[in-house]
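Structure, as structure tokens:
Just so it is clear, none of the values below were taken in a lab; they were calculated from the coordinates. This one's a predicted model, so the numbers in the text were calculated from it and none came from an experiment. Don't worry about glycine lacking a Cβ; one is built from the backbone with ideal geometry, like all the others, and counts go over all protein chains shown.
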Amino acid sequence: MQCGAINRAVSQLVFMKLSIFTRAAALAALAIVGAPALAEEAQTETLAAAVVAVPSGSVLMADKLVVRKSTRRLYAMREGRILREFKVALGLRPSGHKEREGDFRTPEGSYKLIRRNPRSDFFLSMEISYPNSTDLAHAQRLGVRPGGAIMLHGWPNTPRKTADYYKSADWTDGCIAVSNSDMVEIWLMTPIETPIEILP
């Protein structure tokens, strides 16, 4: 599937989600996304902007995310109850805790979502607070750099692989990736400082 087809499919799904809350506001933005004259990157940016424009409080919010690496699942939780379940892709070396820069592993531990970026190289991204104090101390004992910039994000804005690859493989440098449609839901459900627990 080419980038344009991915964007058009996701734009339809985004509109269905946004229409529950802000149908009129979303119409103009998503009409721009469908405009053939726009470059693919501009379409993706406009689509992300439509998601970001949804008012806070319009969606039932999660108070915690839990990632279970062994089953490739992310759970959006509220008061101990699962609101939504999502399939995830992990780093190219998914087993074990991230220890150093460039090891292609996804961290394990207790973190928070600390920054949101609607204009990253991937469809919406949220930074995870790795490394924490425990990670820093461990890396210092090993005499290595712990790495960083671990994100929760969607697919690349300019895909270089097929859709089937992104759906089935662990393909990140250590980040946690979900489909673009799932990233829409997660973005709407999780404010800054939401805790994220990453389990083996």
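Which of the peptides 77-87, 171-181 is most tightly packed, and how do the rest follow, judged by the mean count of other Cβ atoms within 10 Å per residue?
Values: 77-87: 13.1, 171-181: 22.1.
Most protected by this proxy first, the peptides run 171-181, 77-87.
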Can you tally the net charge around Lys98? Count Lys and Arg as +1, Asp and Glu as -1, for every other residue whose Cβ sits under 12 Å from the Cβ of Lys98. -1
Under 5 Å between amide hydrogens, which residues at least 5 positions from Ile196 or on another chain qualify, with H placed 1.01 Å from N in the peptide plane? Leu65, Tyr111, Lys112, Leu113
Using label points projected 7 Å from each Cα along Cα→Cβ, tell me how many nm separate Tyr165 and Ile114, to one decimal. 3.2
How many nm separate the modelled label positions at Leu199 and Phe104, each set 7 Å beyond the Cα in the direction of the Cβ? 2.7
Describe numerically, in nm with one decimal, the distance between label points set 7 Å from Cα along Cα→Cβ at Ser70 and at Ala137. 2.6
Work out from phi, with θ = phi - 60° and the Karplus expression 6.51 cos²θ - 1.76 cosθ + 1.60, the ³J(HN,Hα) of each residue of the range 76-83, listed in order in whole Hz, and give x for Gly and Pro. 8, 10, 8, 6, x, 10, 6, 8
Determine ³J(HN,Hα), in whole Hz, for all residues of the range 184-200 in sequence, where each value follows from phi through the Karplus function 6.51 cos²θ - 1.76 cosθ + 1.60 and θ = phi - 60°; x replaces Gly and Pro. 4, 4, 4, 4, 6, 8, 10, x, 4, 6, 5, x, 9, 9, 10, 9, x
Amide H of Phe122 versus every other amide H placed in the peptide plane: which residues, excluding those fewer than 5 positions away on the same chain, fall under 5 Å? Asn157
Amide H neighbours of Arg84 under 5 Å, at least 5 residues apart or on other chains, H built in the peptide plane: list them. Ala76
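Please give me the summed charge of the neighbours of Tyr75: other residues whose Cβ is under 15 Å from its Cβ, Lys and Arg +1, Asp and Glu -1. Walk me through the numbers on the way to the answer.
Details: positive: Lys64, Arg68, Lys69, Arg72, Arg73, Arg78, Arg81, Arg84, Lys87; negative: Asp63, Glu79, Glu85, Asp182, Glu185, Glu197.
That works out to +3.
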Can you run phi through the Karplus equation (6.51, -1.76, 1.60; θ = phi - 60°) for the range 156-162 and list ³J(HN,Hα) in whole Hz, with x for Gly and Pro? x, 5, 10, x, 10, 10, 6
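Count charges around Val144 for me, please; just the other residues with Cβ under 13 Å from its Cβ, Lys/Arg as +1, Asp/Glu as -1.
Values: positive: Lys98, Arg100, Arg105, Arg141, Arg145; negative: Glu99, Glu101, Asp103, Asp135.
Result for the local shell: +1.
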